[in-house]
Each structure stands twice: as C-alpha cells, then as structure tokens.
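The structure appears right after this line, and notes come after that.
The values are calculated or read from the model by the stated rules, or taken from the named source; none is laboratory data. Keep in mind that this is a model prediction, so the values were computed, not measured. Note that each Cβ is placed from the backbone with ideal geometry, even for glycine, and that neighbours are counted across all protein chains shown. What goes into the accessible areas is simple: the full protein's heavy atoms, side chains included, and nothing from ligands, DNA or RNA. Shrake-Rupley method; radii C 1.70, N 1.55, O 1.52, S 1.80 Å.
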Amino acid sequence: MGSPEESVIEILQQNEIDMVATLPCDRIKNLLPLITNNFFEIPLTREENGIGICAGAYMAGGKPAMVIQSTGLGNMINALESLNITCNIPLPILASWRGVYKEGIEAQKPLGEHLPGILDGAGIVYTIIDDPDKLYQLDYGILDAYENMRPHVILFSPKVWEGSTCTTWSEKELVVPEERSLDITFKSTIQKPQMIRFDAIAAITPLLDDEIVVANIGVPCKELYALRDRDLNYYMFGSMGLVSSIGLGLALKSERKVVVLDGDGSLLMNPNALVEIARMDPSNLTIVALDNGAYGSTGSQETVTAKFLDLELLARGCGIENTVKVHTKEGVENAVSNALGTDRLTFIHVVLKPGNSDSPNIPLSPVEVTERFMDALRC
Ligand SMILES: Cc1ncc(C[n+]2csc(CCOP(=O)(O)OP(=O)(O)O)c2C)c(N)n1
C-alpha cells in the first residue's frame, strides 16, 4: 500500500475528478504537490472563490473538488448555503482539520473544535477521517456529493498523515522570484455617467447569440431577465461577490464565450477574484463591471468607486491587461462587440449612474434556473 497522500490521489482519480481548487495547509504539504502533478489545479487566493469557480466548472460539465485548510470553511459557509445547497450543486471539499489534534496554534482551536457543530447547524454533511485505515471513506464522501448534489466536507485529522513516508514537499524546490520590474502606465478619466445599469444591460442583450451570461445578485438579474431571458443566462440568487468566479469556472470548462455582469459592490467584496482570473487567463471570458458607485440592489448606498477607486485600475493591478472604460450606450456596444469578436480575456468598466428599473422578480426557482442552464450548456 502507498502513502495516505497517494491513496487520496488514487481515490480522486478513480472518481474522475478533473479539477482541484486548492489553498495550502502545512499539514497537507506533501499532498499538494501530488495534486499539482496529477490534476488541473486552480490555486486560490480565498477559499470562498473556489466555491464559485467549482460551481461554474460543474455546470459546464466538469467534476471539481477542493483541497483546503478547515479554517477556510469559516469563510465559505454563506456561499455553500446560498449557491451549492440552494441550487443543488455538488462539491467534495477535502479539508485539513486543524485545531483538534496535536494543535500548536491557539487560534486554530475555537473554529476547529466547533466545526462539526457548525456544519451540523448549517446542514452541511461531513465525514471525519482520523486514521489512514479510514481513507476509503473519502470515496463515499465524493460519491455522496455527486449523487445527492450537495457539498460534502471530508475532514482529515493530521493523524492521517502522521506516519506517512511521502516526501513530495521539499524546501529546496521553493520558487524564488526572479528580479522583475513593474511598468503600469495608467491615466483614466471617469466621465460623468449618462446611463443606469438597465440601459447598459439593454445595450448588451441584442449582441448575444450563443454566449453564456452570468448576472450578478439582485436587480441586475431581474433586469437581464426582463430585457432578454435566455436558457444560457445564469441568474445568481445569493453568494454575493462570486459572480466573476462562477464565470471563470464556466469559461475554463466551456468552449463558449462567457460574459459576466458584475457590480462594483460585489467586486469590492472579493476583488481577489480578479487575480485568479488574470492567473488562469481564459481567452473566452469578458467581465463587464457595471459600476454605479453604489450597492444598487439594496438602496444605492454609496461604494468607494463613487469617489476614488477606479475598477479598471484595480483590474490592471490584478494582472488583467486588456481593459477598457466606457460610459455611453455606443461605448458599451463597441466594447462588448469587440470582446465577443476576439479571443482575449477582457475587462469592461462601465461607468453608470445609480438607479434601478422596476423589473419584477424572476418567476423561476434557483434549481429551475440551474437545471435549465445546465441543459442548455449540454446542447
Ligand atoms: C454577503 C452579503 N452581503 C450583503 C448582501 C446584500 N446585498 C445584496 S445585493 C447587494 C448590492 C450589490 O451591489 P453591486 O454589486 O454594486 O451591484 P448593483 O446592485 O449596484 O448592481 C447587497 C449589499 C448579500 N446578499 N450578501
């Protein structure tokens, strides 16, 4: 029998997992290089983003899993509830369970000790693997996630790896960055906005053919639905801040072009999603940042983009090179047409006035939207 780390890889492979989103934990440092070598890996900057990326990948036909530290579950709960559980989206989450076994870091203990109770309370199923002999239970956890279309957390005690002979991690192989220079020249004028979000979406919808569109939580979804409902539209019902991550997962697993309608408040909640997007650099992804300087869906409370933060500069700073700023109907039409006509990751910053249309609620349930969308992607 091989090491526990090798057994984990074998079980993931037997289950045909084809993408693994990761964020490191010291206790699994010998497992992580095996993940890198055996799977299409998405290195995350925040675990919550992995929920969005994996959901997008799953809806486009992929079979993702996550490998993280258990602390990450603390910042994933809302997304697990309002995306995976609300929309029946499976996800096996392999979590290195800290705080409970030979733990040297005091700060790991409160969350680690309460984690089973938190997961129970949240209605999230989990399996505890606290001995190498129980590794076969990982197979059950993955099967349960995909058969019952729900997240399943597999908590790995550090005891599992304790006697392992696996030494894939080596300090000698650490990547030391080469000297490099940074040269961003950026001059930008934020013109006085002329349109509200509804006008911008109305400029985009006639340009759509067989592209995927993912719309941000709240009024943007209702406006897209009212203007042009399509089977290839994905409407978000929760998981604020994850729309661009869902778009990334879709873009990585689908041949189609993907247009994300994000918002300033939502981008600011998870700006690091832009780093992951830049790193993966999918040529079929366009992020349209509908920047009305406000949390429009909750009453147009001002965000920092109304006064000083420039979202296009943020995107550039995160490593997205192909960006453009527009504020008119023609500007939106040209920018989106150009993006759909080229194979290049694009970020379109649309400067808007705050304000909502009175578009009604979407008369479809989250599960109906998800199933309809996945059926359309299979065609
Ligand atoms: C974690 C979380 N915090 C707050 C909310 C409430 N909320 C829903 S939509 C929204 C505003 C989103 O603003 P933005 O992304 O700028 O989009 P806009 O509505 O302006 O188009 C807020 C604060 C939420 N759903 N989830």
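State all residues of the range 337-367 that are more than 16 Å from the ligand (Cβ to nearest atom), surrounded by fewer than 20 Cβ atoms within 10 Å (Cβ to Cβ) and under 21 Å from the mean Cα position of the chain (by Cα); if no residue qualifies, say none.
Those that are more than 16 Å from the ligand (Cβ to nearest atom), surrounded by fewer than 20 Cβ atoms within 10 Å (Cβ to Cβ) and under 21 Å from the mean Cα position of the chain (by Cα): 344, 367.
Could you list all residues from the range 72-114 that are surrounded by fewer than 19 Cβ atoms within 10 Å (Cβ to Cβ) and of a type in the set (Lys, Arg)?
Once the filter is applied, which keeps residues that are surrounded by fewer than 19 Cβ atoms within 10 Å (Cβ to Cβ) and of a type in the set (Lys, Arg), the range 72-114 yields 102, 109.
Only one of these conditions is not met by residue 264: (1) more than 14 Å from the ligand (Cβ to nearest atom); (2) of a type in the set (D, E, K, R); (3) under 18 Å from residue 348 (Cα atoms). Which number is it?
For residue 264, the exception is condition (1).
Can you pull out every residue in the range 205-227 that is under 21 Å from residue 361 (Cβ atoms) and either in a helix (DSSP H, G or I) or basic (Lys, Arg) (or both)? Working first, answer last.
First, the residues of the range 205-227 that are under 21 Å from residue 361 (Cβ atoms): 205, 213-227.
205, 219, 220, 221, 222, 223, 224, 225, 226, 227 - these are the residues of the range 205-227 that are under 21 Å from residue 361 (Cβ atoms) and either in a helix (DSSP H, G or I) or basic (Lys, Arg) (or both).
So, in the range 274-299, how many residues would count as being open to solvent by less than 40 Å² (accessible area, probe 1.4 Å), small (Gly, Ala, Ser) and under 20 Å from residue 221 (Cα atoms)? Give the derivation first.
Here is the first cut: in the range 274-299, the residues open to solvent by less than 40 Å² (accessible area, probe 1.4 Å) are 274, 276-278, 282, 284-294, 296.
Right, trim to small (Gly, Ala, Ser) and you get 278, 289, 293-294, 296.
Right, trim to under 20 Å from residue 221 (Cα atoms) and you get 289, 293-294, 296.
Residues flagged as open to solvent by less than 40 Å² (accessible area, probe 1.4 Å), small (Gly, Ala, Ser) and under 20 Å from residue 221 (Cα atoms) within the range 274-299 amount to 4.
Can you tell me which of (1) in a helix (DSSP H, G or I); (2) open to solvent by 30 Å² or more (accessible area, probe 1.4 Å) is the one residue 141 doesn't meet?
(2)
When you check residue 184 against the structure, is it within 16 Å of the ligand (Cβ to nearest atom), open to solvent by 10 Å² or more (accessible area, probe 1.4 Å) and at pLDDT below 95, yes or no?
Details: within 16 Å of the ligand (Cβ to nearest atom): no; open to solvent by 10 Å² or more (accessible area, probe 1.4 Å): yes; at pLDDT below 95: yes.
The answer is no for residue 184.
Given the conditions (1) surrounded by 19 or more Cβ atoms within 10 Å (Cβ to Cβ); (2) in a helix (DSSP H, G or I); (3) not assigned by TED's automatic domain parsing to the domain that holds residue 318, and given that residue 153 satisfies all but one, which numbered condition is not satisfied?
Against the list (1) surrounded by 19 or more Cβ atoms within 10 Å (Cβ to Cβ); (2) in a helix (DSSP H, G or I); (3) not assigned by TED's automatic domain parsing to the domain that holds residue 318, residue 153 comes up short only on (2).
Evaluate the range 283-290: report whether one residue or more is modelled with pLDDT of 95 or more and more than 16 Å from residue 248 (Cβ to Cβ).
From the range 283-290, those modelled with pLDDT of 95 or more are 283-290; that's our starting set.
Imposing the further condition that a residue be more than 16 Å from residue 248 (Cβ to Cβ) reduces the set to 290.
Yes: one or more hits.
Looking only at the range 236-252, which residues are crowded, with 24+ Cβ neighbours inside 10 Å and away from the ligand (no atom under 15 Å from the Cβ)?
Across the range 236-252, the qualifying residues are 248, 249, 250, 251.
Does the range 256-271 contain any residue that is small (Gly, Ala, Ser) and open to solvent by 20 Å² or more (accessible area, probe 1.4 Å)? Steps first, please.
Filtering the range 256-271 down to residues small (Gly, Ala, Ser) leaves 263, 265-266.
When the remaining residues are screened for being open to solvent by 20 Å² or more (accessible area, probe 1.4 Å), the result is none.
For the range 256-271, residues small (Gly, Ala, Ser) and open to solvent by 20 Å² or more (accessible area, probe 1.4 Å): absent.
So which residues in the range 54-84 are part of a helix (DSSP H, G or I) and small (Gly, Ala, Ser)? Full working, then the answer.
Taking the range 54-84 as the starting set, the residues that turn out to be part of a helix (DSSP H, G or I) are 54-59, 70-75, 77-84.
Passing the criteria: 55, 56, 57, 70, 72, 74, 79, 82.
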